[in-house]
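First up is the structure itself, then whatever we jot down about it.
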């Protein structure tokens, strides 16, 4: 076969993807509430397609009787939502349910026998496969772009700008995605939905992300059944061991796992022996090697179900039983608002700390020298130090002695467990 013929067949295949899929992709026009100030196109994106008091986004039909999905941020502040179809029809939509943690909205229009997009198995997605996007970038309707799948299982895309515990398991693509594509489909070569475009980094970097199809289907099914999403919750915040170099060095002996960064005061783990700096390595006997694998294992379970969490703690392996609770509603968080600032203190200690005893409950940080090792570690005024290297401290003398002893034995740093604004967490203190 001649090269020209191969190119023609390849072009024909791409055109067929658009022909089969475009009729099920819709344009959403949202009339914004008066207090709405922007139409941001994805948390962390570059800003949405906005015209006056109206914002636009993309969506697609998932059920022939009028069920449509899009990004939650496209419609969350709308007082009226209009849906335009490629055949010229325009229908009003109502919101059936929202899920802030995956940025998903499920809508309903009064229609029947609509063209529908089928879902692909996103767990089988492979880096390097061809993908396509249809949407309304910068108001250019039903634009079609092509590229490849650049990565799977992407996480930590919003940190540290978001304090909201999100369900992060993104697909990454180099297909051209711009403001207005948000909520539209990311398609495979068969025209099936591989994901929903949701997050755009700075466009010149060529990075865009989509919520995978399998996670979308789970969320849509729950919203259609109950109007909300129920997820199991341990009440901890974690990161993959090794993501932070210093922490990876200090806990390197654990090998692999998810490090517990904090234990939330209202969560089920708070009432167990699970501690900050524990490295979670298994759930119900199944190995987990990363924060994403832990998230996936927990997502496969239900609220109220007990789980056995296997942890590595300073060279000792433990099994801790934790009853899963239901993930509470997303809080309205303000970044770093009202957090106490470090202030210069007079201290003869090389740690740069001013401490005060609390009866029977550790020692309280009253001040942190701005250029000290404690400041570099992230200690803050009002933190309460409860343990050093997993050993309880009850007095200022206990705390300072434990820090000195820990530093003499651990060149990679000393683990300081503490309580901060409703969390059990820790810092790694190092002195050069």
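Residue count for region 222-240 under the criterion of being surrounded by 16 or more Cβ atoms within 10 Å (Cβ to Cβ) and assigned to a loop (DSSP other than H, G, I, E, B): the result is 4.
Restricting region 391-431 to residues that are under 34 Å from the mean Cα position of the chain (by Cα) and surrounded by fewer than 15 Cβ atoms within 10 Å (Cβ to Cβ) leaves a set whose member that is farthest from residue 271 (Cα to Cα) is 411.
Please tell me if residue 91 is in a strand (DSSP E or B) and closer than 30 Å to residue 154 by Cα. Against the criterion (in a strand (DSSP E or B) and closer than 30 Å to residue 154 by Cα), residue 91 does not qualify.
Looking only at residues of region 112-123 that are more than 13 Å from residue 24 (Cα to Cα) and surrounded by fewer than 19 Cβ atoms within 10 Å (Cβ to Cβ), we find that the one that is modelled with the highest pLDDT is 121. Examine region 334-352 for a residue that is modelled with pLDDT of 90 or more, more than 24 Å from the chain's Cα centre (by Cα) and in a loop (DSSP other than H, G, I, E, B), and state whether such a residue exists. Checked region 334-352: no residue is modelled with pLDDT of 90 or more, more than 24 Å from the chain's Cα centre (by Cα) and in a loop (DSSP other than H, G, I, E, B).
Checking 243, 190 one by one, the residue that is surrounded by fewer than 18 Cβ atoms within 10 Å (Cβ to Cβ), assigned to a loop (DSSP other than H, G, I, E, B) and modelled with pLDDT under 90 is 243 and no other. Taken across region 246-258, residues that are farther than 28 Å from residue 120 by Cα and touching a helix residue (DSSP H, G or I) at 6+ places or on another chain (Cβ under 7 Å) do occur, with at least one present. In this entry, residue 108 is excluded by the filter for residues that are assigned to a loop (DSSP other than H, G, I, E, B) and modelled with pLDDT of 95 or more. In a residue-by-residue description of region 365-377, the property of being modelled with pLDDT of 85 or more, closer than 21 Å to residue 279 by Cβ and out of contact with any helix residue (DSSP H, G or I) (no Cβ under 7 Å at 6 or more places or on another chain) applies to at least one position.
All told, residue 261 meets the bar of being out of contact with any helix residue (DSSP H, G or I) (no Cβ under 6 Å at 6 or more places or on another chain), surrounded by fewer than 22 Cβ atoms within 10 Å (Cβ to Cβ) and assigned to a strand (DSSP E or B).
Within region 124-134, the set of residues being touching a residue at least 24 places away in the same chain (Cβ under 8 Å), surrounded by fewer than 22 Cβ atoms within 10 Å (Cβ to Cβ), within 23 Å of the chain's Cα centre (by Cα) and not in a loop (DSSP other than H, G, I, E, B) is empty.
Kindly indicate whether residue 217 is without any contact (Cβ under 8 Å) to a residue 12 or more places away in the chain and either assigned by TED's automatic domain parsing to the domain that holds residue 61 or surrounded by fewer than 22 Cβ atoms within 10 Å (Cβ to Cβ) (or both). The answer is no for residue 217. Just to be sure, is residue 65 part of a loop (DSSP other than H, G, I, E, B) and not assigned by TED's automatic domain parsing to the domain that holds residue 169? Criteria met by residue 65.
The values are calculated or read from the model by the stated rules, or taken from the named source; none is laboratory data. This structure is a prediction, so every number in the text was calculated from the model and none was measured. Neighbour counts are summed over all protein chains in view; Cβ atoms, including those assigned to glycine, are modelled from backbone coordinates with ideal geometry.
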